[in-house]
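Working notes for the structure below.
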Amino acid sequence: MKKSSPALQAEFAHEVFRAWDRHADQVRMADFTWVHDRGPLVARLLARSYGAHNPRFTEYITTLSLRASDGTDKPARLQLEAGAAAAASRRNRG
C-alpha cells in the first residue's frame, strides 16, 4: 500500500530545501531525476534492474516523478520550483 500522497511529496520537497539551507556548506547539489511518472512496463523493467520483484516496489517506481504521466504538474514540482527560486534569491543576496 502506498503511504505517500501528492501533499506528502510536496512536503518532502519543501524539507529538502530546508535541509539544504541548514547544510549549504556540505550539500553541493540536489537532483530529482524523473520528470514524468513511469508506466507499468518501464516500472517493471526498472524494478528488475534493481533486482526487486515486489509489486509494491514496482508501484512505488511509477510515482517518483514531478509530473503525472499525463503531464500534469504534481504539488512537489511546484514546491521545488518555489524552493529553487527562493534559494537562488538568498544566494544572490550574499
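The table that follows gives values for the structure above.
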{"quantity": "Test: residue in segment 24-36 that is touching a helix residue (DSSP H, G or I) at 6+ places or on another chain (Cβ under 9 Å), surrounded by 12 or more Cβ atoms within 10 Å (Cβ to Cβ) and not hydrophobic (A, V, I, L, M, F, W, C)", "calculated": "no"}
{"quantity": "Breaking point among (1) at positive phi; (2) modelled with pLDDT of 90 or more, for His23", "calculated": "(1)"}
{"quantity": "Within segment 48-61, considering residues that are more than 17 Å from Lys3 (Cβ to Cβ) and either among the hydroxyl-bearing types (Ser, Thr, Tyr) or in contact with a His (Cβ under 7 Å, 6 or more places away or on another chain) (or both), the one surrounded by the most Cβ atoms within 10 Å (Cβ to Cβ)", "calculated": "Tyr50"}
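The values are calculated or read from the model by the stated rules, or taken from the named source; none is laboratory data. Nothing here was measured: the structure is a model prediction, and the numbers come from that model. All Cβ positions, even for glycine, are placed from backbone atoms using ideal geometry, and neighbour counts span all protein chains on display.
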